[in-house]
Structure formats: structure tokens, C-alpha cells
There are 2 protein chains.
Amino acid sequence: MIILKLGGSVITRKDAKKPTLNPVNLERIASEIAQAKVEKLVIIHGAGSFGHIDARKYEIGSEIKDEEELAWKKMGFALIQNTVKNLNHFICHFLLNHGIPAIAIPPSSFITSNNKRIKSANLAMVEKYLEMGLVPVLHGDVVPDENDDIQMAVISGDQLVNYLAARLKPERIILGSDVDGIYTCDPKGDSQAELLPVVKSLSDLEFLEGARTVDVTGGMAGKLKELLELAGEGIQSEIINADCEGVLMKALKGEKVNGTIITK
Amino acid sequence: MIILKLGGSVITRKDAKKPTLNPVNLERIASEIAQAKVEKLVIIHGAGSFGHIDARKYEIGSEIKDEEELAWKKMGFALIQNTVKNLNHFICHFLLNHGIPAIAIPPSSFITSNNKRIKSANLAMVEKYLEMGLVPVLHGDVVPDENDDIQMAVISGDQLVNYLAARLKPERIILGSDVDGIYTCDPKGDSQAELLPVVKSLSDLEFLEGARTVDVTGGMAGKLKELLELAGEGIQSEIINADCEGVLMKALKGEKVNGTIITK
């Protein structure tokens, strides 16, 4: 079984001011997934511009000061859920068009968190759909949080990768990003940037020039933290460039591609 | 707490050849729900033209003859899930626009059936969202079925009403239909039709002229069966006309409206 994460920056226009799909990438990516013919596959997608705009606006996950703010945040919670549901609908639409029997299992319908970390999540439906030969699709979403001070949290696609991988023990974890992998510094701003074929620790990265830049450009540090936690448990993952034609298909087939392996 | 069912014939163009919303009704209904200011509310909506067309085409719930049919049905299952998700997105959109914090909990993400009847469904998330003051929204959907001969089933909004009402014990159950209630015969075809203010048994109805007609026009017999099962457990429900301006709002507020009460 493979867990494939599709980054929000690949499937949406992440810097758009309103929810904006990247249909060209989605069409190509769905086609590459179909061609790779993976026997058992779980897809997790980010929310990109469909989730981040309102998640920031409503500050989901921050402390709630009074009843007024609580009522406001509840509406934000519901709005975000409906917007990421819409994104998920589009993604499944492209997958279905390429013959992939994609079944959404939105985290908001079965996950609760405690201080923004997944607390309980019954994976029986994910396992059931896998057993049926369908392709479960999860995504970054809002969930109820047990901490009364915040009551609601955003669960990122990367945290879902961490949680599911630790429990479902996939053979491989592939993270489709909009860059080739982890660089010594920001590859979009510095021509001296070098791709790191292997990363073993976040603390290693802190010594690297540009580590802060890496964080700003797409929350790579947050992603890395989730993946290094997994690596610590002996579960290896690979960051590859899903923005670049053919790379995802090759990676799914097990062929060698540029990228960064996160391991212990 | 009130459980409100919105029939597929009210929120969609049920006889359309492709999924077609009824935005005029949806806008009015969302406004009426908002004005009624119900403290605790669960909404269950039908699938209408967003679900029934493909459910019939792929014969979800019928016996699977061979591997080829199984593969075909799996695609149908996934397609239907994505289409009703789209309907749910639109419905939540209208509700949110009227300030109702609607949170979808799709049955396909937490329910399994056995021979087309709900077998297991953990209602913890429904209860959690109610406790948070949000409005859980469920809908007719496809679910995995334990019977190996069929493997997949369609769970109607009416079956969800039955299941949830029996467990959540709402004060009231209101079914918004496109007719005033249960008639002695088809009110759309026979001017002699009389509205039954109370129905206590399906066997009573079989003696009524037009009972078969009732069945054909919108599956009213199937709906009645679910409600009579509930009535047998001492849980009363009301069918009202949500197609008619103001009726739903009055019913939600507890004011007297035309309709049929299903009781024991």
C-alpha cells in the first residue's frame, strides 16, 4: 500500500486570494496516478487556497476569548469545512474521470484532536474501503478539539500522513510537492541551492543556510517535522516534485526520481 | 432537539435527467430555518436527482454477478458519493449564507450496512457537533454493505431519520416534503384526494384507494415504513409541505400547519 500526499500548492493556486483550483495539474496528476496502477492507494490532499485563507481569517486553533468570538469561529469552522469539501469534490472528479474509484473520508466526520494533534480517529472505514479496492481520499480539514480554550483545530494533510502511516504501515509514503525536495536554501531564490537526497533530522537542517527560508516557502519545516517523527518510528518517506510531468508516475511505479528521502 | 428531513424532491429537480438543484427552494428553506432559530437541529437531506440517477444506473444494492460487474459498481459507488457530496456542498452553502453553522457528516464516512439496513454507525460526531452548537447535516449516501452478494448499499435519508431518531431521541421529527402530507390517493392526479391528519399503520393504508399511486409518486410508502417503525417505538413524526412558503418555518417553531402526523 502507498500513501500519496498531494500538496495544496500543487493542486490549487496556493497564493490566490480566493479558492482557486489548478485544473491543469489535477488533470495530469490524475492521469499519472491512473497510469501507475497502484494496487492499494490512500490519497491525502492539502487544502491550499481552499482552506488556508479562511483558516487564517478565523484563526481556527487559537484561544477563544469570549462568546462572540466563539460564535464567529463556529461559522468559520463550518465555512472552511464546506470549502475544503468543494476542493475534495473537484479532486475526486478528476480522479474518477481517470477511472480511479476515489472515496472521500473527510477528517471532520471522524477525527477529534487534543491541542491540535489527532486524539482519536477510527480508521476502520479507511481499511474497509482499501479492502474493497477503492481509493480512500482524506484531506486537510477542521475538527473538534478537546482543549476547551480552542475547541476547534485545523488538521493538516501532513499530520494525517503521519497519523495514518504510523497505523496503516504502508510500504511507501510519497509526498508530491511543488519543488524537487528539501534544499540547502530556497531553490526559488538562490541559484546555489542544493537538493538534499536524504534528511535525517530537523536539527541538521537548522545548521543549513536558508533553513528559515525553507520554512516560509510552503511550510516545509512543519511538513518535515511530521515526516521526521515518522522516520523516528522507522517509517521512511519521500518528497518528490509533482509539479513536474512524469515524476509522480515514476515515483508511484518505484522508479528512481529526484527527491529527498526522510529517514532515520 | 429537532431532526429535520429535507426531501430530495424539494431541494433538487427530482425528475431532471441530470443532477439539478432547486436553488429557489433552497434559498427560501435556508431562510426559514434561520428565522425559526431552533436551538438544537440535525438536518438530513435526500439525494434527489444528484443520487437517484446513478444509483439506478449502477444498481447499487443489487446482487453482483461477476468481477467485471463488481469493478463497474465500485466506480458507480464512488461517482455517486462524489455527486451527493456536491449536492451537500450546495445545501451547506445556502445554510451558511443564512448564518446556520452547517457541518456535513457523510454516511459513507462512518456507516456500514447489512442487507441495506444500517448495521453500525457511531453517532459520537453528531453528538459532539450538537454539543458545540453546530448543525450536523447528513444525507442519503452510499455505504459498504456486509452482505458479500451486494457489497454496497444506498442508505436513504428516510432510513437515516429512523436510525438517528431512535438513538438521539429528538423532541420532534419534521419531514419537509413536496406535498402537504399523506393523502387517500395521489393529490397530483385526483381532486378527490383527502389529506390524512394522522397515519398509524401501513396496513391501514393498503385499504385506501391510491395506496399504490402514493408509492409511485416519490416513494412515500418507503418513507412511511421508516416512520411507522419509529412510531412503533413511541417516536412521533410529522410530514409537512416544505414546497409551500412559510410552512417549514411555522412547523419548526411549533406552530400548527397542515400535514400528517405518523404515530402509534
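Scan (1) within 14 Å of chain B (Cβ to nearest Cβ); (2) in contact with a Gly (Cβ under 9 Å, 6 or more places away or on another chain); (3) farther than 21 Å from A:Ile235 by Cβ for the single condition A:Leu195 breaks and write down its number.
Only one criterion is unmet by A:Leu195, namely (1).
Residue under question is A:Leu95, and the condition is that it be at pLDDT 95 or above and touching a Leu at 6+ places or on another chain (Cβ under 8 Å); does it hold?
Working: at pLDDT 95 or above: yes; touching a Leu at 6+ places or on another chain (Cβ under 8 Å): no.
Taking the combined requirement at face value, the residue does not satisfy it.
Pick out the one residue from B:Gly222, B:Gly181, B:Gly246 that is within 21 Å of the chain's Cα centre (by Cα), among the small types (Gly, Ala, Ser), modelled with pLDDT of 95 or more and within 20 Å of B:Thr12 (Cα to Cα). Write out each step before concluding.
On the way: B:Gly222 fails: modelled with pLDDT of 95 or more; B:Gly181 fails: modelled with pLDDT of 95 or more.
Of B:Gly222, B:Gly181, B:Gly246, the one residue that is within 21 Å of the chain's Cα centre (by Cα), among the small types (Gly, Ala, Ser), modelled with pLDDT of 95 or more and within 20 Å of B:Thr12 (Cα to Cα) is B:Gly246.
Of the conditions (1) touching a Phe, Trp or Tyr at 6+ places or on another chain (Cβ under 9 Å); (2) closer than 26 Å to A:Leu79 by Cβ, B:Val142 fails just one. Which one is it?
Here B:Val142 clears every test but (2).
Quick check on B:Leu130: is it part of a helix (DSSP H, G or I), more than 10 Å from chain A (Cβ to nearest Cβ), at pLDDT 95 or above and within 23 Å of A:Val84 (Cβ to Cβ)? Spell out the reasoning first.
Details: part of a helix (DSSP H, G or I): yes; more than 10 Å from chain A (Cβ to nearest Cβ): yes; at pLDDT 95 or above: yes; within 23 Å of A:Val84 (Cβ to Cβ): yes.
When the stated conditions are applied, B:Leu130 passes them.
Restricting to segment A:54-82, what's the tally of residues that are surrounded by 14 or more Cβ atoms within 10 Å (Cβ to Cβ), more than 20 Å from the chain's Cα centre (by Cα) and more than 12 Å from chain B (Cβ to nearest Cβ)?
Matching residues across segment A:54-82 total 1.
Please determine, by comparing only the residues of segment A:151-169 that are in a loop (DSSP other than H, G, I, E, B) and surrounded by fewer than 20 Cβ atoms within 10 Å (Cβ to Cβ), which one is modelled with the lowest pLDDT.
We begin by selecting, within segment A:151-169, every residue in a loop (DSSP other than H, G, I, E, B); these are A:151, A:156, A:169.
Of the ones still in play, those that are also surrounded by fewer than 20 Cβ atoms within 10 Å (Cβ to Cβ) are A:151, A:169.
Values: A:Gln151: 98, A:Lys169: 95.
Checking each candidate, the answer is A:Lys169.
Which helices (runs of 4 or more DSSP H) sit wholly inside segment B:20-126 and have at least 2 residues that are under 25 Å from A:Pro136 (Cα atoms)? Let's see the steps before the verdict.
Numbers: elements: B:23-36, B:52-57, B:67-97.
In segment B:20-126, B:52-57, B:67-97 are the helices (runs of 4 or more DSSP H) which contain 2 or more residues that are under 25 Å from A:Pro136 (Cα atoms).
Inside segment A:170-189, can you point out the residues that are surrounded by fewer than 19 Cβ atoms within 10 Å (Cβ to Cβ) and assigned to a strand (DSSP E or B)?
Within segment A:170-189, just A:Arg172 meets the criteria.
For residues that are touching a residue at least 40 places away in the same chain (Cβ under 8 Å) and surrounded by 22 or more Cβ atoms within 10 Å (Cβ to Cβ), scanning just segment B:101-123, find the one that is nearest to the other protein chains (Cβ to nearest Cβ). Spell out how you get there, then give the answer.
Taking segment B:101-123 first, the residues touching a residue at least 40 places away in the same chain (Cβ under 8 Å) are B:102, B:107, B:111, B:113, B:116-118, B:121, B:123.
Checking which are surrounded by 22 or more Cβ atoms within 10 Å (Cβ to Cβ) leaves us with B:102, B:107, B:111, B:113.
Working: B:Ala102: 6, B:Pro107: 9, B:Ile111: 9, B:Ser113: 12 Å.
Top of the filtered list is B:Ala102.
Of all the residues that make up segment B:1-45, how many are under 18 Å from B:Ala104 (Cβ atoms), of a type in the set (D, E, K, R) and under 16 Å from the mean Cα position of the chain (by Cα)?
Residues in segment B:1-45 being under 18 Å from B:Ala104 (Cβ atoms), of a type in the set (D, E, K, R) and under 16 Å from the mean Cα position of the chain (by Cα): 1 in total.
Say whether the condition of being within 16 Å of B:Leu228 (Cα to Cα), modelled with pLDDT of 95 or more and surrounded by 19 or more Cβ atoms within 10 Å (Cβ to Cβ) is met by at least one residue in segment B:135-144. Outline the logic, then answer.
Step one: filter segment B:135-144 for residues within 16 Å of B:Leu228 (Cα to Cα), giving none.
Among the residues of segment B:135-144, not one is within 16 Å of B:Leu228 (Cα to Cα), modelled with pLDDT of 95 or more and surrounded by 19 or more Cβ atoms within 10 Å (Cβ to Cβ), which makes the answer no.
Test A:Lys116 against the criterion of being modelled with pLDDT of 95 or more, farther than 24 Å from B:Thr83 by Cβ and out of contact with any Asp or Glu (no Cβ under 6 Å at 6 or more places or on another chain), and give yes or no.
Taking the combined requirement at face value, the residue satisfies it.
The values are calculated or read from the model by the stated rules, or taken from the named source; none is laboratory data. Values in this document were obtained by computation on a predicted structure and should not be read as measured data. In this analysis, Cβ positions are derived from the backbone assuming ideal geometry, glycine residues included, and neighbour counts consider all displayed protein chains.
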